[in-house]
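Trainee: Just dropping this structure here.
The values are calculated or read from the model by the stated rules, or taken from the named source; none is laboratory data. Computed from a predicted structure; not experimentally measured. Reconstructed Cβ throughout: ideal geometry from the backbone, glycine too, with neighbour counts over all protein chains shown.
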Ligand SMILES: [Zn+2]
């Protein structure tokens, strides 16, 4: 599933091409995505100029010249790909946006958990949630410490809770907790401020490394040019149960926490 680094990679890759471009034509071939593609989606997007492209959590946001915002969430298997006008149609190409220079921005999504909408600006917050963006300035040790107070959940569940921290999923939370030396099951309320400082540092470090590597391609993820990311080659713990820890050689352990596989080193993480 695409997480924050993959979306950030998309924004950086597609942003320069999309900013300032106008939408010439929109074709919806399949509207059964998450929440459905609204009947006025085509009318709201056609003819509009894309003013900017940025990210909030795992959402791509493109403010349009009429003040509305085009929102894209890739769900589990979504891909947004920019290609020339002669791009051959593929299975699961659900929405095709033709730009004024003839290029095609195609939304492909085999499992259809993604979301596409054009919203009034004041409706965007309700859709994306109020969680702190882990690359934003507001994500500080003190802010994370405040979030952990009175929480009965594990730190892993808290970091994956989109209402509190936006954009982190299972892969990166496993990697962040390893880098911070904290076990996934540790009670959030038990963390000290110094632990939160380590977590914030680890979060920024893991996300920056993943963005540099172009994201992780676990299953279907591709960037805006159809290229896979390579961060999966750098995973320290994710999906490495039984393999030696890259730091201390102790076998990595797996454990299910709130329904998701967790991986940790029993020696490096306490
Ligand atoms: Zn270790």
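Trainee: For residue 204, are the conditions met, namely being assigned to a helix (DSSP H, G or I), modelled with pLDDT of 90 or more and out of contact with any helix residue (DSSP H, G or I) (no Cβ under 9 Å at 6 or more places or on another chain)?
Mentor: Details: assigned to a helix (DSSP H, G or I): yes; modelled with pLDDT of 90 or more: yes; out of contact with any helix residue (DSSP H, G or I) (no Cβ under 9 Å at 6 or more places or on another chain): yes.
The answer is yes for residue 204.
Trainee: Going by the conditions given, is residue 20 in a loop (DSSP other than H, G, I, E, B) and under 22 Å from residue 91 (Cα atoms)?
Mentor: Details: in a loop (DSSP other than H, G, I, E, B): yes; under 22 Å from residue 91 (Cα atoms): no.
No: the conditions fail for residue 20.
Trainee: Of 232, 236, which residue is within 16 Å of the ligand (Cβ to nearest atom), farther than 30 Å from residue 150 by Cα and at pLDDT below 95?
Mentor: On the way: 232 fails: within 16 Å of the ligand (Cβ to nearest atom).
When all the criteria are applied, what remains is 236.
Trainee: Would you point out which residue out of 138, 123 is over 25 Å from residue 247 (Cβ atoms), touching a strand residue (DSSP E or B) at 6+ places or on another chain (Cβ under 6 Å) and free of Cβ contacts under 8 Å to residues at least 12 places away in the same chain?
Mentor: Working: 123 fails: touching a strand residue (DSSP E or B) at 6+ places or on another chain (Cβ under 6 Å).
Of the residues listed, the single one that is over 25 Å from residue 247 (Cβ atoms), touching a strand residue (DSSP E or B) at 6+ places or on another chain (Cβ under 6 Å) and free of Cβ contacts under 8 Å to residues at least 12 places away in the same chain is 138.
Trainee: Condition first: under 14 Å from residue 172 (Cα atoms) and either modelled with pLDDT under 95 or more than 16 Å from the ligand (Cβ to nearest atom) (or both). Can you find one or more residues in the range 245-262 that meet it? Before you say what the answer is, go through the steps one by one.
Mentor: First pass over the range 245-262, keeping only residues under 14 Å from residue 172 (Cα atoms): 260-262.
Cutting the leftovers down to either modelled with pLDDT under 95 or more than 16 Å from the ligand (Cβ to nearest atom) (or both) gives us 260-261.
Looking for residues that are under 14 Å from residue 172 (Cα atoms) and either modelled with pLDDT under 95 or more than 16 Å from the ligand (Cβ to nearest atom) (or both), one finds at least one in the range 245-262, hence yes.
Trainee: Listed residues 84, 136; which is outside the structural domain of residue 12 (by TED's automatic domain parsing) and either surrounded by fewer than 17 Cβ atoms within 10 Å (Cβ to Cβ) or touching a helix residue (DSSP H, G or I) at 6+ places or on another chain (Cβ under 8 Å) (or both)?
Mentor: Values: 84 fails: outside the structural domain of residue 12 (by TED's automatic domain parsing).
When all the criteria are applied, what remains is 136.
Condition check ((1) part of a helix (DSSP H, G or I); (2) under 24 Å from the mean Cα position of the chain (by Cα)) across all residues:
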| site | (1), (2) |
| --- | --- |
| 2 | no, yes |
| 16 | yes, yes |
| 25 | no, no |
| 33 | no, yes |
| 39 | no, no |
| 60 | no, yes |
| 70 | no, yes |
| 105 | no, yes |
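The rows are residues; the columns are (1) in the same structural domain as residue 163 (by TED's automatic domain parsing); (2) crowded, with 16+ Cβ neighbours inside 10 Å; (3) on the phi < 0 side of the Ramachandran plot.
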residue	(1), (2), (3)
57	no, yes, no
62	no, yes, yes
65	no, no, yes
90	no, no, yes
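Trainee: Please go through the range 110-147 and pick out each residue that is at pLDDT below 95 and part of a strand (DSSP E or B).
Mentor: 132
Trainee: Determine which member of the set 177, 168, 199 is in a loop (DSSP other than H, G, I, E, B) and either within 22 Å of residue 129 (Cβ to Cβ) or at pLDDT 95 or above (or both).
Mentor: Working: 177 fails: in a loop (DSSP other than H, G, I, E, B); 199 fails: in a loop (DSSP other than H, G, I, E, B).
The match here is 168.
Trainee: Considering each of 173, 118, 165 in turn, give the residue that is assigned by TED's automatic domain parsing to the domain that holds residue 50, touching a helix residue (DSSP H, G or I) at 6+ places or on another chain (Cβ under 6 Å) and crowded, with 16+ Cβ neighbours inside 10 Å. Please lay out each step first, then the result.
Mentor: Numbers: 173 fails: assigned by TED's automatic domain parsing to the domain that holds residue 50; 165 fails: assigned by TED's automatic domain parsing to the domain that holds residue 50.
None of the others qualify; the one that does is 118.
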